[in-house]
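What follows is a single structure, written as structure tokens, with notes after it.
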Amino acid sequence: MKIEIKTGAALQQKTPCLVLGVFAGKYKAELLLQLDQQVNGAFGRATKSKEFSGRNGETLLLHGGTDIAAERILLVGLGKETDFSLRSLRQVSSSVVKFLTEKQLRNFVLTLPQPGLKKTTIAEQVQVIAEGVLLADYRYDRYLPAAGPGRAVALTNIDILLPAGEDSAAAATAIKAAEAICSGVCFARDLVNAPGNLKSPEYLAMQAVAMAEQVGINATLLDRREMERQGFGALLGVAQGSVQPPYLIVLEYRGGKVDEQPIALVGKGVTFDAGGISLKPAEKMDEMKMDMGGAATVLGTMQAAAQLQLPVNLVAVVPAVENMPSGSAIRPGDILTSLSGKTIEVMNTDAEGRLILADALTYVGRYQPREVIDLATLTGACIIALGNQAAAVLGNNEPLIRQLIKAGERSGERFWQLPLWDEYSEQIKSNFAEVKNTGGRAAGTITAAAFLQKFANDYKWAHLDIAGVAWEDQGRAGQPKGGTGFGVRALIEYLREVK
Ligand code: BES
Ligand code: MN
Ligand code: ZN
């Protein structure tokens with residue numbers, strides 16, 4: 001699919017469909033009055049009869065008259081002008097794509113909202129529109145027949161029409177950015193959607209290596225023998241119940257100054273979480289193929305950062321394992337010696353994410369990172385706290401947390417901070433080891449983070465619990481059922497802004 005910038009008068013565009021936004025109640029905008037004349041008053045009649053009011057996401061499809069260049073005109077509601085934001089613009093663009101592709105239309109011209117959004121540049125608006133289009137064009141269909149239901153039409157050509165006199169070079173750069181970011185998001189979605197029988201830790205490692213080669217970044221794998229040699233006791237403990245061998249995936253991207261400390265990204269890569277001996281219930285266990293959502297987001301972010309040639313140094317560490325019950329699996333009560341030397345009592349083998357992350361967080365310290373951000377589908381409790389609307393953010397550095405929340409706001413991905421007061425670590429004190437891997441029912445997301453903090457002490461650190469947002473189970477415009485790639489957009493936004 002191609003997204004391109006066009007300039008010229010909206011009503012003179014020769015296209016199968018011209019898309020115009022309408023703010024609620026603002027039917028007298030000049031362009032709309034002109035349009036109304038050319039469609040013999042059809043627009044005016046539709047607003048009068050309340051068939052179309054400009055409510056957010058509402059649509060009215062008109063067929064062009066003899067005076068109008070476009071074959072069709074799609075009016076799309078933008079809601080109240082005062083409520084409108086870049087976030088709603090991205091959503092509206094996705095809804096438009098959904099609406100038109102369901103009508104088998106695959107190329108059209110999108111216009112920017114008029115009057116334009118305050119406090120945002122044209123380039124920002126173009127980026128968001130392009131993102132809305134690209135994210136709506138995604139589906140995971142590698143196991144579906146080549147034709148038939150399930151296969152929607154793919155887009156071919158989308159033009160974004162700039163108001164006269166605007167800088168089309170900046171807008172074209174914004175499209176390039178959206179393309180790089182969304183290819184990172186879609187790479188992450190593909191990884192999450194891949195079924196557990198395809199997606200072994202080795203598969204994840206091979207996908208990472210292939211991606212690294214493609215974008216020209218450095219990749220290293222640590223296999224089981226190497227991790228045994230170095231003492232990754234917590235990670236290997238989780239891995240020992242599965243016949244699939246574990247890997248530690250390490251990627252390095254150097255876009256910054258040679259001597260600049262890297263920013264580290266760590267992603268939980270449990271390719272399937274059956275719970276281990278503390279087996280999960282059968283209901284919805286299929287969704288536990290998404291337990292490598294953190295890893296997917298980290299890999300997608302690395303891909304996008306390299307494609308955008310961001311001027312930063314990055315290191316990514318992904319512990320990849322499968323969590324299965326078997327005769328060789330760890331038991332509740334087992335004590336593991338982690339890479340840091342700290343001993344961990346395993347109270348519940350289903351709290352495996354924090355075990356593999358403990359070793360990954362210790363390992364990444366070797367890179368002397370200026371800060372570490374980890375992403376993990378870590379706790380069911382996070383879904384109880386925040387539902388599917390936001391990821392939780394916790395950490396040991398307030399400025400870092402604030403910057404991540406800001407980047408999330410700008411990119412339309414929400415983060416909500418939970419406290420990490422010392423008192424919470426009371427809940428993870430063990431009788432027989434230095435720490436235990438569960439803290440009881442109360443504050444489950446926080447005690448999981450308190451556990452991680454014991455291994456993330458030497459650097460600035462933020463933890464993002466994406467359990468509620470890595471997977472979409474309803475399906476909506478711009479986000480089909482399945483993996484979301486949540487976090488790629490926010491992290492790229494964060495990395496574009498760090499100084
Ligand atoms: N991967 C799960 C958390 C999860 C649950 C993610 C649902 C997405 C959707 C994690 O490994 C887990 O099982 N956590 C346990 C921890 C508990 C045993 C302390 C949980 O949240 O129940
Ligand atoms: Mn688990
Ligand atoms: Zn898990």
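Read-outs throughout are calculated quantities, based only on the coordinates presented, and are distinct from any laboratory measurement. These figures come from a predicted structure and were not determined experimentally. Note: ideal-geometry Cβ built from the backbone for every residue, glycine included; neighbour counts use all protein chains shown.
Some points to look at:
- Among the listed pairs LYS268/LYS481; LYS118/LYS460; LYS2/LYS289; LYS48/LYS481; LYS48/LYS103, a Cα-Cα separation exceeding 28 Å is found for LYS118/LYS460; LYS2/LYS289; LYS48/LYS481.
- Antiparallel content of DSSP bridges confined to segment 2-155, in %, to 5: 40 percent
- Within the chain, antiparallel bridges make up roughly 40 percent of the DSSP beta bridges whose residues both belong there.
- Counted by neighbouring Cβ atoms within 10 Å, the residues TRP471, TRP421, TRP416 run from fewest to most as TRP421, TRP416, TRP471.
- Sorted ascending by nearby beta carbons within 10 Å, beginning with the fewest, THR438, THR297, THR120 become THR120, THR438, THR297.
- Estimated translational diffusion coefficient (Stokes-Einstein, Kirkwood radius over Cα pairs, 4 °C, 1.567 mPa s) of segment 2-155: 80 µm² per second.
- Three-way shape call for segment 126-192 based on the alpha-carbon gyration tensor, with the a/c threshold at 1.5: oblate
- Calculation over all alpha carbon pairs of segment 386-494 in 5 angstrom steps from 0 returns a P(r) of 2, 12, 20, 21, 17, 13, 9, 5, 1, 0, 0 percent.
- Rounded FRET efficiency, nearest 0.05, which uses the C-beta distance separating GLN261 from GLU102 and R0 of 35 Å: 0.10
- Alpha-carbon centroids, segment 97-139 and segment 1-80: separation in whole Å: 15 Å
- Fully extending the segment from LYS26 to ALA147, taken as 0.36 nm per residue of separation minus the present Cα-Cα distance, adds 39.3 nm.
- Share, in percent, of DSSP beta bridges within segment 187-316 that are antiparallel, nearest 5: 75 percent
- Segment 72-222: Cα Rg divided by the 2.2 N^0.38 Å rule of thumb: 1.24
- Counting 0.36 nm for each residue step from GLN417 to ARG229 and taking away their Cα separation leaves a gain of 63.9 nm.
- Rh (Kirkwood; distinct C-alpha pairs) - the chain, Å: 23.9 Å
- Exposure proxy ranking, count of Cβ atoms within 10 Å, fewest first, for THR220, THR101, THR271: THR220, THR101, THR271
- Charge dipole (Cα centre; +1 on Lys/Arg Cβ, -1 on Asp/Glu Cβ; no other charges) of segment 2-155 amounts to roughly 220 debye.
- Rounded to the nearest 20 debye, dipole of the chain from Cβ charges on Lys, Arg, Asp, Glu: 960 debye
- Simple spin-label estimate for ALA172 and LYS80 in nanometres, 7 Å along Cα-Cβ: 4.1 nm
- Modelled this way, with points 7 Å down the Cα-to-C-beta line, the labels at LYS406 and THR220 are 3.3 nm from one another.
- Among MET227, GLY293, PHE272 - extreme Cα towards positive end, dipole of the chain, charges at beta-carbon: GLY293
- Cut-off 14 Å between beta-carbons: net charge of the residues surrounding MET206, Lys and Arg +1, Asp and Glu -1: -3
- Cα centroid separation, segment 368-387 to segment 429-476: 7 Å.
- The three principal axes of the C-alpha atoms in segment 222-272 carry coordinate ranges of 42, 25, 14 Å, sorted with the longest axis first.
- Here the label points at HIS63 and THR7, each 7 Å from Cα along the C-beta direction, are separated by 3.5 nm in the simple model.
- Dipole-positive endmost among ALA390, LEU75, ALA449 within the chain (Cβ charges, Cα centre): LEU75
- Summing charges over all other residues whose Cβ lies under 15 Å from the Cβ of GLY475, with Lys and Arg as +1 and Asp and Glu as -1, gives -1.
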